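Participant: Please see the structure below; I have some questions.
The values are calculated or read from the model by the stated rules, or taken from the named source; none is laboratory data. Predicted model only: the values in this text are computed from it and were never measured. No Cβ is skipped: glycine too gets one built from the backbone with ideal geometry, and neighbour counts run over all protein chains shown. Surface areas here come from the heavy atoms of the whole protein model, side chains and all, with no ligands, DNA or RNA. Shrake-Rupley method; radii C 1.70, N 1.55, O 1.52, S 1.80 Å.
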Amino acid sequence: MALHPLRMRLAAASLLTVGVLVAATPVGATPGVAAAPDIPVASVKAHLTQFQSIAAANGGNRAHGRPGYKASLDYVKGKLDAAGFTTSIRQFTSGGRTGYNLIADWPGGDTTQVVMAGAHLDSVTAGPGINDNGSGSAAILETALAVSRAQFKPTKHLRFAWWGAEELGMVGSRNYVNSLSLTDRSRIDGYLNFDMVGSPNPGYFVYDDDPALEKVFKDYYTGLGVPTEIETEGDGRSDHAPFKNAGIPVGGLFSGADYLKTTAQAQKWGGTAGKAFDACYHSSCDTAANISTTALDRNSDAIAYAIWALAE
Ligand code: DTR
Ligand code: CA
Ligand code: ZN
Ligand code: ZN
């Protein structure tokens, strides 16, 4: 096994400074700032496989008020509990059916400065909802698990959320925001939303609602050399809207729904011009095959980058 150069430097540094706490800083990194991990896309896809199986075992969907929704929630909660998160299920009612949000807090950090990331976990009734929104749900789940693996100790407090009944009009996220006191709302520094981040004919769209949050994602993509555009496919059409309406800064990523990719977009991003970003949007074919691994990987890594940068 070859020693990683950073580990070699760490080993050398600790030999030279016995009894003194030192940390080697990788070239190009800021001292005292932990680097965000690379999120393993295979692990994100493994969660998608689980969501697909859950839908298959529950009438083909994971929709609000159906058994596939609660099974999805229990799967995510089990992973988070095992990783050391403090989880809570918040119940609400919509259309005569019980809905559930899952909130997961990472212990520690300043709870008057909360960095929050969320994704809706419900599908439409037409299908298993793997891109919409197994993708965002799995990407933030794996980021949360990476926080635990790294035993990340950020200055700010980290909170993750999986929303119910987004497809009925952002019911779960609105219910959550309404449940917060004005003080608790003011403690949320920023809310990041991830709804459709693995579209099969992807675009790379960044929410432009808040300049500071927008910049973090743009910086990540600039580093990758991948151009981005401002998200315009239905502004406010996802769970960031209730937060924004409550005066909380919001940001997020999106890889496109039923709008068609233009020729200019296909030139810069690849894929097929004249075809929808997600031709299986809200359809039974939104399965595990309806995912661009590249988009899912880039967006998952961008989420981790943003969480690390904003929380530190
Ligand atoms: N509301 C989403 C799909 C959607 C459409 N436009 C946007 C823009 C930003 C995020 C998501 C969306 C859904 O069907 O769940
Ligand atoms: Ca990755
Ligand atoms: Zn949808
Ligand atoms: Zn969605």
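Participant: Name the pairs: first residue in the stretch 267-286 and open to solvent by 40 Å² or more (accessible area, probe 1.4 Å), second residue among the charged types (D, E, K, R) and not in a loop (DSSP other than H, G, I, E, B), Cβ to Cβ under 7 Å, at least 6 apart or on different chains?
Facilitator: Tyr281/Asp132; His282/Asp132
Participant: What are the residues in the stretch 129-151 that are touching a residue at least 12 places away in the same chain (Cβ under 8 Å) and either open to solvent by 10 Å² or more (accessible area, probe 1.4 Å) or hydroxyl-bearing (Ser, Thr, Tyr) (or both), if any? Steps first, please.
Facilitator: Taking the stretch 129-151 and keeping what is touching a residue at least 12 places away in the same chain (Cβ under 8 Å), we get 129-150.
Within the stretch 129-151, Ser135, Ser137, Thr143, Leu145, Ser148, Arg149, Ala150 qualify.
Participant: Sticking with this structure for a sec: Considering only residues that are part of a loop (DSSP other than H, G, I, E, B), away from ligand 3 (no atom under 16 Å from the Cβ) and open to solvent by 30 Å² or more (accessible area, probe 1.4 Å), which ones fall in the stretch 287-311?
Facilitator: Initial filter on the stretch 287-311 (part of a loop (DSSP other than H, G, I, E, B)): 287-292.
So of that shortlist, the ones also away from ligand 3 (no atom under 16 Å from the Cβ) come out as 288-289, 292.
The answer is Ala288, Ala289.
Participant: Now, a different point. Determine whether the stretch 154-166 contains at least one residue that is within 16 Å of ligand 2 (Cβ to nearest atom) and assigned to a helix (DSSP H, G or I).
Facilitator: Keep residues of the stretch 154-166 that are within 16 Å of ligand 2 (Cβ to nearest atom), which gives none.
The answer is no; no qualifying residue exists.
Participant: Out of curiosity, is Tyr69 more than 15 Å from Ala146 (Cβ to Cβ) and in contact with a His (Cβ under 9 Å, 6 or more places away or on another chain)?
Facilitator: On the way: more than 15 Å from Ala146 (Cβ to Cβ): yes; in contact with a His (Cβ under 9 Å, 6 or more places away or on another chain): no.
Judged against the criteria, Tyr69 is not a match.
Participant: Continuing with this model, one more query. I'm told Gly271 meets every condition in (1) away from ligand 3 (no atom under 16 Å from the Cβ); (2) part of a helix (DSSP H, G or I) except one. Can you identify the failing condition by its number?
Facilitator: Result: Gly271 fails condition (2) only.
Participant: Can you report the number of residues in the stretch 250-289 which are under 30 Å from Tyr191 (Cβ atoms), touching a Leu at 6+ places or on another chain (Cβ under 8 Å) and more than 14 Å from ligand 1 (Cβ to nearest atom)?
Facilitator: Here the count works out to 1.
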